[in-house]
Amino acid sequence: MEKYILSNPELTSKIEQLFFNPDESNVALACELMKTGGIPASILEALQDQDVKLFFLVNYGLVYSFLEDTHLDLSRLGLQDLPQELSALTQLNSLNLFYNQFSQIPACVCALTALKKLWLHHNQLTQLPENLGDLVELEELVLSFNQLTNLPDSLGALTQLKTLYLHHNSLHSLPQSLKNLPQLQKITLWNNNFTLEEELTLTESFAPIKLVF
């Protein structure tokens with residue numbers, strides 16, 4: 001990250017004035033400039049509180065305070081989307097997004113290719129993007145308590161996946177590509193739209209993967 005703001009005392013003072021101004025447009029402008037120009041010490045101090053940091057992350061895309069984090073908890077915030085700047089947090093290996101209002105997975109999430117754990121339960125997801133399969137390091141994916149009716153074949157690219165939580169959705173089938181995942185041990189599926197006959201057929205055809213209905 002360039003630090004042109006920090007090398008210019010006059011500009012640093014101006015950014016501080018904008019940031020601590022009650023006018024939201026001024027705050028937004030300060031954040032936009034700080035994304036590439038560095039963050040003055042007084043603002044870094046104001047961002048020490050975790051709730052404040054999260055507010056500026058989700059509302060203004062100010063990721064600077066999280067660049068070294070490997071875990072990020074954005075659960076229970078009523079979120080409907082995430083800023084694209086979140087994709088810069090390439091060091092994340094776990095991300096909590098449960099109990100929000102996502103109707104689709106934010107595009108930036110699929111760019112976080114170091115993720116090992118992704119929790120998206122208790123949202124309003126109706127479908128999954130094909131590029132969810134780009135998260136090839138995922139070991140645990142939690143999609144329960146959503147409104148999914150089908151799953152993309154691209155989940156078959158998640159070769160490190162061990163556990164897939166799909167209970168409390170509206171599924172009536174599973175992609176055959178899941179059978180080929182070498183690490184997959186368990187899929188939870190209760191409270192979906194499978195008939196008893198379909199449950200028995202899937203249990204047999206997916207063995208030794210454990211399907212829990």
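The values are calculated or read from the model by the stated rules, or taken from the named source; none is laboratory data. Computed from a predicted model, the values in this text were never measured in an experiment. With ideal geometry, Cβ positions are generated from the backbone for all residues, glycine too; neighbour counts draw on all protein chains shown.
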Which listed residue, of Glu68, Glu85, Glu130, Glu139, is among the charged types (D, E, K, R) and closer than 21 Å to Val212 by Cα: Glu139
Residue within segment 40-47 that is loosely packed, with under 14 Cβ neighbours inside 10 Å and farther than 23 Å from Glu10 by Cα present: no
Tabulated pairs, segment 136-158, first without any contact (Cβ under 8 Å) to a residue 60 or more places away in the chain and closer than 13 Å to Asn192 by Cα, second of a type in the set (Val, Ile, Thr) and in a loop (DSSP other than H, G, I, E, B), C-beta under 9 angstrom, 6+ apart or interchain: Asn146/Thr126; Gln147/Thr126; Leu148/Thr126; Thr149/Thr126
Counted residues, segment 145-158 - those being within 14 Å of Leu181 (Cα to Cα) and crowded, with 21+ Cβ neighbours inside 10 Å: 2
Tally, over segment 99-121, of residues that are out of contact with any His (no Cβ under 9 Å at 6 or more places or on another chain) and in contact (Cβ under 8 Å) with a residue 24 or more places away in the chain: 14
Filter result for the condition that a residue is closer than 18 Å to Trp190 by Cβ, touching a Pro at 6+ places or on another chain (Cβ under 6 Å) and modelled with pLDDT of 95 or more, over Leu151, Leu128: Leu151
Near pairs, Cβ below 6 angstrom, 6+ apart or cross-chain, from segment 1-27 (farther than 15 Å from Ala46 by Cα and free of Cβ contacts under 8 Å to residues at least 12 places away in the same chain) to any residue that is outside any loop (DSSP other than H, G, I, E, B) and of a type outside the set (Phe, Trp, Tyr): Asn26/Leu18
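Conditions tested, residue by residue: (1) modelled with pLDDT under 95; (2) more than 19 Å from the chain's Cα centre (by Cα); (3) more than 20 Å from Leu86 (Cβ to Cβ); (4) exposed (fewer than 15 other Cβ atoms within 10 Å of the Cβ).
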position: Leu115; (1), (2), (3), (4): no, no, no, no
position: His121; (1), (2), (3), (4): no, no, no, no
position: Leu143; (1), (2), (3), (4): no, no, no, no
position: Asn180; (1), (2), (3), (4): yes, yes, yes, yes
position: Phe213; (1), (2), (3), (4): no, yes, yes, no
Some residue of segment 184-192 being of a type in the set (Phe, Trp, Tyr) and crowded, with 17+ Cβ neighbours inside 10 Å: no
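Of these, Leu158, Leu151, Leu143, Leu138, which one is touching a His at 6+ places or on another chain (Cβ under 7 Å) and over 30 Å from Cys31 (Cβ atoms)? Write out each step before concluding.
On the way: Leu158 fails: touching a His at 6+ places or on another chain (Cβ under 7 Å); Leu151 fails: touching a His at 6+ places or on another chain (Cβ under 7 Å); Leu138 fails: touching a His at 6+ places or on another chain (Cβ under 7 Å).
Selected residue: Leu143, the only one of Leu158, Leu151, Leu143, Leu138 that is touching a His at 6+ places or on another chain (Cβ under 7 Å) and over 30 Å from Cys31 (Cβ atoms).
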Check on Glu85, touching a Pro at 6+ places or on another chain (Cβ under 7 Å), among the acidic types (Asp, Glu) and touching a residue at least 24 places away in the same chain (Cβ under 8 Å): no
